[in-house]
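J.: Sharing a structure below in structure tokens format, with a few things to ask.
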Protein chains: 2
Amino acid sequence: MLLSKSFVPILKNNPSEAKIKSHQLMLRVGMIKQASAGIYSWLPLGFKIMKKIEEIVRQEQNKIGAQEILMPTIQSSEIWKESGRYEDYGEEMLRIKDRQNREMLYGPTNEEQVTEIFRSSLKSYKSLPQLLYHIQWKFRDEIRPRFGIMRGREFYMKDAYSFDVSDEEAFYSYNKFFLSYLRTFKRLALTAIPMAADTGPIGGNLSHEFIILAETGESKIFTDKRIFELNNHDIELEKNSLQQMRKKYEQYYSVTDEKFDKEEFEKVVSEENRLITKGIEVGHIFYFGDKYSKPMGASVDLPGGKKDFVKMGSYGIGVSRLVGAIIEAKFDDSDEIMKWPLSVAPYDISLIPMINKNDTSALDKAININKELIKHNIDALIDDTEENFSSKIKKMNLIGSPYQIIIGKKSDGDLLEFKEIGEATQNLSLNKIIEIIKKQKNSN
Amino acid sequence: MLLSKSFVPILKNNPSEAKIKSHQLMLRVGMIKQASAGIYSWLPLGFKIMKKIEEIVRQEQNKIGAQEILMPTIQSSEIWKESGRYEDYGEEMLRIKDRQNREMLYGPTNEEQVTEIFRSSLKSYKSLPQLLYHIQWKFRDEIRPRFGIMRGREFYMKDAYSFDVSDEEAFYSYNKFFLSYLRTFKRLALTAIPMAADTGPIGGNLSHEFIILAETGESKIFTDKRIFELNNHDIELEKNSLQQMRKKYEQYYSVTDEKFDKEEFEKVVSEENRLITKGIEVGHIFYFGDKYSKPMGASVDLPGGKKDFVKMGSYGIGVSRLVGAIIEAKFDDSDEIMKWPLSVAPYDISLIPMINKNDTSALDKAININKELIKHNIDALIDDTEENFSSKIKKMNLIGSPYQIIIGKKSDGDLLEFKEIGEATQNLSLNKIIEIIKKQKNSN
């Protein structure tokens, strides 16, 4: 893609309204554009990143056997009255009257809607477990939307729901999502730590937040730092293995401030292992049993002829928020260098030719290199503008494709000036560069 | 996928509320579930089809150089007041007040929003042309929503917008989308005919609807039937070639009733070529020049130092509606046989083993066949229920995977009972079956 033809409106300076680095960078390189308070349009650069994140989230949901559906954004108030949350939810719920004066709302979450789908579709324990998810826009009418898409009003979220016949089976479903979340965040090059959390308006008595460390985070966290060294390479999608995984994580103290207990923290975590810092919530899972199935009458026939309310959990990942969270975790704003993980980078590589009015040979070379890259499914952004070299480099460091090829006037012969952002330049053949990028791609 | 584990709630009979065959079939095989009047949830079967349609639409937009963005569903009323459409749009616009009492709305279309993005991002003719599209949920508060997702209130649509420096360049953009639409519908195995149309609330003076023939269509159409024989194999993405294509289509009379002129029709179309029938609109393209750019002040600097308002067009495809439109075009409801085009089929093939309580050998065989199919990226649905054979066949004929393998008790040896829905059974080896399906997949 030629930069001059792409819709990437870049600002010279950081916009003054943006207070945190993700919001600054996203406006600066034209990833998003504010439509109104807390509501954003996604321009091509931001859109590409969000779609790649969405696809990774989707793949990891499918791997645990969850099936994708899509519920509408506009819901009827009736099901919320059945569950009792219509009044509880307060002003964050965007309430709407349609032309027939019916009470509708823009869904802030979907427990009611999915319970309604379940109860009118399945009746037998034989159909369980069911894991359903969707990736859809939600709306929460925050009184003070801020930090760009990190705390916007209209946001893109994956929410999943599990339906089981018993608590034991439901915990198995819960643990599948627990594993799926660890795997998802790892593929986004994030270290997200599961922390015991309050359940808030979703309800229930078991809940984990997945939190990544970031100075700008809104959650205060208290952990045993050894939890960061855990891995889940050897976990299988099987009951016992998943239970072992949960135990492994739960041996270390790890909570947000809502659940913090100073005395316990100091008792169970030795001083050198205590970590008190801030983080960003990127996922949240809940087990709430029959909290919705009971008032809404979602039951199944059991083997013996009895009926019981189905046991449910819900599992959210903030897809649009993750774009900002990755920036908060990876953007070095003092050096103004962003390096996207290759798995979600807007482009795999930037080609930066030095162009003068009378000499476009470097651009021609870039275009030829691009032809070769396309054959290998490597997606390149070519900076074909006539800006000076240093401002080009600066711009490409902000856009953040993880690799760069710099094509100066003197760059003859087979070796190219190649660098991974933030690393030293190497002189490599195009074949070697292709090999490096493909290898990195395959590892994800 | 095992049918018993999938979320495909099948009804025994056609639901009485559904009046047309797409609505009947979609409810019957659990593709959708009504959430409230004119608002639907998409269950796994329907969702898979819609996603495949979306992906084909996306690929064909990308091929003409359009860039994907994503605008929000909730818009501010302010930009609609600038364009003058806020009052004009009437009650079909879902108007919303947020908690701060600001006037918002659920976007029924995006001309204003995209014009706002353009005017605040680009200033020079050098950045033109720009073709931007997004695929997003829209809402039109129909007074009488009906026909399921064919005329629902919340619907999924691809809408694109072109920005050019002159009428001539704008017609070039218009023709790119014209070609892209012909190609898109062809990949969906639909014959969609471009017809001169009124511009309605979008405005402008040049417009085509793309219409497929269907008895249940809401549009009455009048055409010269020779237009159905045209093809676009030899069209290139280049000004003259595209102009020739437009001329080729426009030599034949072809309009909807809004534009119909009896005298002209009978004058230019000889009696044997006249076709008066009904159709379904699946796409609509508009050229409207500066209708939005002028009141909203979206101008660019021209080469000589002057400024001019940018020339715009818009281009819509109803993605969710296409699911229904394909059913209307392809479903044989007297024989109850649906055959999805392979390009968008929910599954490539159905495996139908005959299962008794004491003999699951046919199921085991189906599972082994499936393992082999997975290696070749062929997606199969296995009917592992214990229903009788004829009701299994009936069900699979409704679900509509284009191919079936029937595995009876006697089915020993290497040859399998294979059929393309609606065709005769053939005895073929699995390798041969795989070859047939892969060949068909690659042709799309």
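J.: Do you know which residues across region B:281-299 are touching a Ser or Thr at 6+ places or on another chain (Cβ under 7 Å) and either part of a loop (DSSP other than H, G, I, E, B) or within 17 Å of residue B:227 (Cβ to Cβ) (or both)?
T.: B:281, B:285, B:292, B:293, B:295, B:296, B:298, listed by residue number.
J.: Can you find even one residue in region B:213-225 that is assigned to a strand (DSSP E or B), polar (S, T, N, Q) and in contact with an Asp or Glu (Cβ under 6 Å, 6 or more places away or on another chain)?
T.: Checked region B:213-225: at least one residue is assigned to a strand (DSSP E or B), polar (S, T, N, Q) and in contact with an Asp or Glu (Cβ under 6 Å, 6 or more places away or on another chain).
J.: Collect the residues in region A:404-417 that are buried (at least 18 other Cβ atoms within 10 Å of the Cβ) and either out of contact with any strand residue (DSSP E or B) (no Cβ under 9 Å at 6 or more places or on another chain) or over 20 Å from residue A:387 (Cα atoms) (or both), keeping them in residue-number order. Talk me through it step by step, then tell me what you get.
T.: Of all residues in region A:404-417, those buried (at least 18 other Cβ atoms within 10 Å of the Cβ) come to A:404-407, A:416.
Residue satisfying the conditions is A:416 alone.
J.: Another question, then. Confirm whether residue B:325 is surrounded by 22 or more Cβ atoms within 10 Å (Cβ to Cβ) and closer than 30 Å to residue B:429 by Cα.
T.: On the way: surrounded by 22 or more Cβ atoms within 10 Å (Cβ to Cβ): yes; closer than 30 Å to residue B:429 by Cα: no.
No; evaluated as a whole, the condition is false for this residue.
J.: Could you tell me whether any residue of region A:343-353 is more than 26 Å from residue A:377 (Cα to Cα) and out of contact with any helix residue (DSSP H, G or I) (no Cβ under 6 Å at 6 or more places or on another chain)?
T.: No, region A:343-353 contains no residue that is more than 26 Å from residue A:377 (Cα to Cα) and out of contact with any helix residue (DSSP H, G or I) (no Cβ under 6 Å at 6 or more places or on another chain).
J.: The conditions are (1) at the interface with another protein chain (Cβ under 10 Å from one of its Cβ atoms); (2) more than 20 Å from the chain's Cα centre (by Cα); (3) without any contact (Cβ under 8 Å) to a residue 24 or more places away in the chain; (4) within 29 Å of residue A:185 (Cβ to Cβ), and residue A:8 fails exactly one of them. Which is it?
T.: (3)
J.: Also: Residues being under 18 Å from residue A:20 (Cβ atoms), of a type in the set (A, V, I, L, M, F, W, C) and in contact with a Phe, Trp or Tyr (Cβ under 8 Å, 6 or more places away or on another chain): count how many of those fall in region A:324-361.
T.: Here the count works out to 3.
J.: Continuing with the same structure: Among the residues of region A:188-201, is there at least one that is buried (at least 19 other Cβ atoms within 10 Å of the Cβ), touching a Lys or Arg at 6+ places or on another chain (Cβ under 7 Å) and farther than 20 Å from residue A:64 by Cβ?
T.: Within region A:188-201, the subset buried (at least 19 other Cβ atoms within 10 Å of the Cβ) is A:188, A:190, A:192-195, A:197.
Retained after the next criterion (residues that are touching a Lys or Arg at 6+ places or on another chain (Cβ under 7 Å)): A:197.
Subsequent filtering for residues that are farther than 20 Å from residue A:64 by Cβ retains A:197.
Yes - at least one qualifying residue is present in region A:188-201.
J.: Is it the case that region B:109-123 has a residue that's surrounded by fewer than 18 Cβ atoms within 10 Å (Cβ to Cβ), closer than 21 Å to residue B:292 by Cβ and among the basic types (Lys, Arg)?
T.: Looking through region B:109-123, at least one residue is surrounded by fewer than 18 Cβ atoms within 10 Å (Cβ to Cβ), closer than 21 Å to residue B:292 by Cβ and among the basic types (Lys, Arg).
J.: Now for a different question. Taking into account only those residues within region B:96-122 that are of a type in the set (D, E, K, R) and in contact with a Ser or Thr (Cβ under 8 Å, 6 or more places away or on another chain), which is farthest from residue B:15 (Cα to Cα)? Even if it seems obvious, please write down each step before you answer.
T.: Pass one, region B:96-122, residues of a type in the set (D, E, K, R): B:97-99, B:102-103, B:111-112, B:116, B:119.
Subsequent filtering for residues that are in contact with a Ser or Thr (Cβ under 8 Å, 6 or more places away or on another chain) retains B:102-103, B:111-112, B:119.
Numbers: B:102: 42, B:103: 39, B:111: 38, B:112: 40, B:119: 49 Å.
The extreme case among them is B:119.
J.: Please pick out the residue among B:75, B:67 that is under 30 Å from residue A:97 (Cβ atoms) and in the same structural domain as residue B:170 (by TED's automatic domain parsing).
T.: Details: B:67 fails: under 30 Å from residue A:97 (Cβ atoms).
That would be B:75, the only listed residue that is under 30 Å from residue A:97 (Cβ atoms) and in the same structural domain as residue B:170 (by TED's automatic domain parsing).
J.: Only residues in region B:418-438 that are assigned to a strand (DSSP E or B) count as the first member; pair them with residues that are among the acidic types (Asp, Glu), Cβ under 7 angstrom, at least 6 apart or cross-chain, and list the lot.
T.: What qualifies is B:427/B:417; B:429/B:414.
J.: Would you mention how many residues in region B:419-444 are more than 24 Å from the chain's Cα centre (by Cα) and polar (S, T, N, Q)?
T.: 5
J.: Further question on the same structure: (1) more than 29 Å from residue B:74 (Cβ to Cβ); (2) within 14 Å of chain B (Cβ to nearest Cβ); (3) part of a helix (DSSP H, G or I): which one isn't true of residue A:172, the others all being true?
T.: Unmet condition: (2).
J.: Could you check region B:155-169 and list, in sequence order, the residues that are more than 18 Å from residue B:281 (Cβ to Cβ) and not in a helix (DSSP H, G or I)?
T.: Taking region B:155-169 as the starting set, the residues that turn out to be more than 18 Å from residue B:281 (Cβ to Cβ) are B:161-169.
Hits for region B:155-169 are B:161, B:162, B:163, B:164, B:165, B:166.
J.: Go through region A:115-140 and give me each residue that's assigned to a helix (DSSP H, G or I) and either touching a residue at least 60 places away in the same chain (Cβ under 8 Å) or of a type outside the set (A, V, I, L, M) (or both). Outline the logic, then answer.
T.: Our first condition is that a residue be assigned to a helix (DSSP H, G or I); within region A:115-140, this holds for A:115-119, A:125-127.
If the condition is that a residue be assigned to a helix (DSSP H, G or I) and either touching a residue at least 60 places away in the same chain (Cβ under 8 Å) or of a type outside the set (A, V, I, L, M) (or both), then A:115, A:116, A:118, A:119, A:125, A:126, A:127 are the ones that fit.
J.: Name the strands (runs of 3 or more DSSP E) wholly within region B:301-388 that hold at least 2 residues that are under 30 Å from residue B:159 (Cβ atoms) and assigned by TED's automatic domain parsing to the domain that holds residue B:136?
T.: Numbers: elements: B:307-309, B:311-318, B:349-353, B:380-382.
Fully inside region B:301-388 and qualifying: B:307-309, B:311-318.
J.: Need the failing condition index for residue B:316 against (1) in contact with a Ser or Thr (Cβ under 9 Å, 6 or more places away or on another chain); (2) modelled with pLDDT under 95, just the number.
T.: It fails just one condition, (2).
J.: Which residues, counting only those in region A:230-255, are farther than 17 Å from residue A:172 by Cα and touching a residue at least 40 places away in the same chain (Cβ under 8 Å)?
T.: Those that are farther than 17 Å from residue A:172 by Cα and touching a residue at least 40 places away in the same chain (Cβ under 8 Å): A:254, A:255.
The values are calculated or read from the model by the stated rules, or taken from the named source; none is laboratory data. All values reported here derive from a predicted model rather than from experimental measurement. Reconstructed Cβ throughout: ideal geometry from the backbone, glycine too, with neighbour counts over all protein chains shown.
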